[in-house]
Structures are given as structure tokens and as C-alpha cells.
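Reviewing the structure listed below.
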Amino acid sequence: QVDPFYASIILFVGRAWDAVTDPMVGFFISKTAWTRFGRLMPWIIFSTPFAVISYFLIWFVPDISTGQVVWYLIFYCIFQTLVTCFHVPYSALTMFISREQSERDSATAYRMTVEVLGTVLGTAIQGQIVGNVVTPCIESPLIIGKTNSSVALEELNMTHDTGSLTDTRNAYMIAAGVIGGLYILCAVILLVGVREKRESSELRSDEPVSFFQGLKLVMNHSAYIKLIAGFLFTSLAFMLLEGNFALFCTYTLGFRNEFQNILLAIMLSATLTIPFWQWFLTRFGKKTAVYVGISSAIPFLIMVVVLDSNLIVTYIVAVAAGISVAAAFLLPWSMLPDVIDDFKLQHPGSHGHEAIFFSFYVFFTKFTSGVSLGISTLSLDFAGYQTRGCSQPSKVNFTLKMLVSAVPVGLILLGLLLFKLYPIDEEKRRKNKKALQDLR
């Protein structure tokens, strides 16, 4: 029940806070001393319990008439910081369990498969727990009648809000508790099952490098900037699609009771096709896989808007979108270790910047999520979106079509154009691998 404008403010401030914390955490990780658990694992161990508590408090509704916006802003920023303390070392582990490109690519494929599977699980848990709570929709004042619309709307609110909102609050908290438990379980599995190899780790530099020196070196690396730029726009495209597909199915297509299953179809399709894209990139190269994989969603995104509402067509589009989502998830993360190898060759005397590379990558992942939510919320608010409405004005339906089709297609094309500038092809990868072996 927070005003959409304030929700957007919370999201934007949270992402701005991320812009500060992500590179800082990456830098502090690079300076962490070796322990019996490794250098990265202590960050994961100590951040996990606090992250779970702050996540639960994001879904808790405080019994205060004023100050709710401040409550959510504070705990949202705290949670984002703690997730950074988990996700940056977790992602960077790829570089510190092996030096072999093929082994790191394989580890990345496994990691992204399970990460998407976790997203499916989270979507299913949250969707089924919250979806079982029946929240009646509210008819538009235009449908109720112009003369007594405000009175009727108020009566409907009074009737539905007291019971259904309490049940919805409880459902969200139960879902948060279950997902928090999964967070702890997965962190324990990671701690027990993965070991950093000290000989593979190059986190500490021979000479101390200041934060700004390291940041300048990383951000001046051309291949990294081009990869991040392409990654930013393609990620934003798919975040917009995923974030608005439920509303699009509910209001524009009229499938109010199907959207949870359609969303699951997207994520299951993504999970099942990541192994295919791993095979494809080893067979045809990573840049080719980017062009084929991500662009394959374009005709289906256009089709779902152009054709009349059809449930079968919608499921076909969901599966096709999932195939492209898999490529968008896997390929940029698979390309990042190649960029770091390229950086090492250009700066052989400079070590310990891997965590900064990964921290900015994590930041841009969360940044695109926040930007997509902010764009969606503000766009729908300006279009006249009615919270819990049984139907929406025509402007809202038009806006939803833009957010799930036209805008993502434009962003995908822009992202692929930027990927064209990315300089590390398969020949360059092989040369870098041989040069690194010679250096070692």
C-alpha cells in the first residue's frame, strides 16, 4: 500500500547506494587476509544471517502510520549491502577454483543453471504461497457509476482490505521465511562443498594498490567497458520483460489466473536450455552465441503483441523468451573471466583486481533490476494504473505492450550493437590462454 512514487524512490536510492557499496566491497575483499576458510568464504559466512534478517524485515509491515517509507528504504539498503557481501565473493570464486578457461566456463555454466533454477524455485514458492490468498479486485469508478463512485469505492476498500490485506501480509512473511531458510541452506552447502585453491588465488598484490588506483585500472580496460555496456542493455531488456509480464498477462491478455504458470514456463525453459548454450558457445564461440541466443527472442516479443490474445501463443512466447533469458544469464558471466585474463596480460605487474571486476558486474546486475522496476512503476503510474483494479485504462494496456515488446526489442538491438565492439573473439581467447601459460 505504499504510493508507487515512493516505491520508485526507494528502488532508485537503493541502487544508488549499491553504486557505492559494490566496488568498495570488491576492493576490501581484494585486501582480505587468507584464513583457514579462504579469503572469500568469511564474507559469505558472516553476511548470511544478517542478510536473511534484513530480507525478512523488507516483507514485514510495521504498525506505524508514518515512516514506512523510511523503514523500507533503510532495510532495502541494508539488504542490498549484505547481498553484495555474499554475491561478489560467490561470483569471484569462479576465478579461484581453477586457472583453466574450460574449467571456469564449465563452472560458470553449472553456477548459472543452478542460479536460474533457484530463481524458478523462488518464483514458485513466492507465487504459490501468495497466490493462494484471494485478493478481490476493485472495479473501476467508471464501471461503478460516476455519481457515487467515490462512496462505492470506499465501501469496497473497507470490505476487502481488512481481511484480504492481513492474509496477504501473512503470506508474504511466510514466503520470506521459507526463502530465508533456503538462503541459509545454500550458504552452508557452498561453505562445505567449495574450497578455494590458494595457488589459484591471486587476490593480494605484491605492492598495495589504493582503491582509486585499482578502480582506474579496471575502468580503463576497454574490453571490460564494452562487455558491461552490452550486458547492461540486454539485461535491462529481459528485466523489463520479466517484471511486467505478469501484469501484461493479467490485464492486456486477460489471463489473470495463468500468469504464475507462464512465469514458471519462462524460468524452466531458461534452466533447461543453459546446458545447450554452454555446448553452443564451445562449438561456435561466445560472440556468436550472444548474437544468436539473445536475438532469438525478438520475433516472439513482437508476435505476442501483434497477434490476438491466445493462451497457447503466450506459452510459446514464454518458452522462447526463456531460451533467450538463458543466453542472457550465462554468456556475459562466461565472458567476464576472459576479460580478466586479457587485463592480466596488459598489466602483468598488477594483481588482485578480480574482485573489483566482479563487484561492478554484480552492481550492474542489480542496477538493471532496479532501473527496470523504477521505469515500470513510474510509467504505469503516469498511465493511470489502478492498484488491484479488475481492469485497467487503455493507456495502461498500451504502456504494458511497450514495456514487454517495443522497449525490450530496442534495448536488445542496442545491446547487440555494443557487443559487436567487444574485442575478445575465439582467436583472441586462444592467444591469451597461451600467453598466460607462458607467463606462469
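The values are calculated or read from the model by the stated rules, or taken from the named source; none is laboratory data. Since we're looking at a predicted model, the values are computed, not measured. Quick reminder, even Gly has a Cβ in these numbers, built from the backbone with ideal geometry, and neighbours come from all protein chains shown. The protein model used for the area step is the full one, side chains on, heavy atoms only, and it has no ligands, DNA or RNA in it. Shrake-Rupley method; radii C 1.70, N 1.55, O 1.52, S 1.80 Å.
Note on the chain: GNM, Cα springs under 10 Å; of Ala109, Ala237, Ala19, the largest mean-square fluctuation is that of Ala19. Calculated [222 nm] ellipticity per residue, helices only, for the chain: -25500 deg cm²/dmol; basis is -39500 (n - 2.57) per DSSP H run with n ≥ 4, divided by all residues, nearest 500. For the chain, what ratio Rg/Rh do Cα atoms give with a Kirkwood hydrodynamic radius? Over the Cα atoms of the chain, Rg/Rh equals 0.99. The residues of the range 210-439 have, on average, 40 Å² of accessible surface per residue, using a 1.4 Å probe with all protein chains present.
With a Förster radius of 30 Å applied to the C-beta separation of Arg36 and Glu115, the computed FRET efficiency comes to 0.65. For Leu417 and Ile45, the difference between the fully extended length at 0.36 nm per residue and the C-alpha to C-alpha distance is 129.9 nm.
Remark: spin-label model distance Arg430-Cys186 equals 3.7 nm, labels positioned 7 Å along the Cα→Cβ axis.
How much length, in nm to one decimal, is gained on full extension between Val13 and Val178, taken as 0.36 nm per residue of separation minus their Cα-Cα distance? The partial results should precede the final answer.
Details: separation 165, 0.36 × 165 = 59.40 nm, distance 2.74 nm.
My answer for the length gained is 56.7 nm.
The Rg/Rh ratio for the range 210-439 is 1.04, where Rg is the radius of gyration of the alpha carbons and Rh is the Kirkwood radius.
Close amide H contacts of Ser391 (hydrogens built in the peptide plane, cut-off under 5 Å, sequence separation of 5 or more or a different chain): Ser140. With the cut-off at under 18 Å, measuring from each backbone N in the range 89-122 to a point 7 Å along the Cα-to-Cβ line of Gln437 picks out 98-106.
Note the full-extension length gain between Val133 and Lys197 as 0.36 nm times their separation in residues minus their Cα-Cα distance, in nm to one decimal. List each step's numbers first, then the result.
Values: separation 64, 0.36 × 64 = 23.04 nm, distance 4.80 nm.
Working it through step by step, the gained length comes to 18.2 nm.
Over the chain, with every protein chain in place, what whole percent of the accessible area is carbon and sulfur at 1.4 Å, could you tell me?
Using a 1.4 Å probe with all protein chains present, the chain comes out at 67 percent carbon and sulfur.
Using the Cβ-Cβ distance between Ser391 and Gln68 with R0 set to 30 Å, the FRET efficiency from 1/(1 + (r/R0)^6) comes to roughly 0.60. With θ taken as phi - 60° and the Karplus curve 6.51 cos²θ - 1.76 cosθ + 1.60 applied, the whole-hertz 3J(HN,Hα) list for the range 413-429 is 4, 5, x, 5, 5, 5, 4, 4, 7, 4, x, 9, 9, 5, 5, 4, 4 Hz, x standing for glycine and proline.
Among rounded, prolate and oblate, which fits the range 1-72 when a ≥ b ≥ c are the square roots of the eigenvalues of its C-alpha gyration tensor, a/c under 1.5 means rounded, and a/b larger than b/c means prolate? Here the range 1-72 falls in the oblate category. Each label was represented as a point 7 Å from its Cα along the Cα-to-Cβ direction; for Leu378 and Tyr6 these points are 1.9 nm apart. Taking only the Cα atoms of the range 233-277, the radius of gyration and Dmax are 11.9, 34 Å. Loop-located trypsin sites (Lys or Arg not before Pro) in the range 214-269 (DSSP state not H, G, I, E or B) with no more than 14 neighbouring Cβ atoms inside 10 Å: Arg256. Listed cross-link partners Lys286/Lys401; Lys31/Lys420; Lys286/Lys434; Lys216/Lys366; Lys197/Lys226 are compared with a 27 Å cut-off, the Cα-Cα value being larger for Lys286/Lys401; Lys31/Lys420; Lys197/Lys226.
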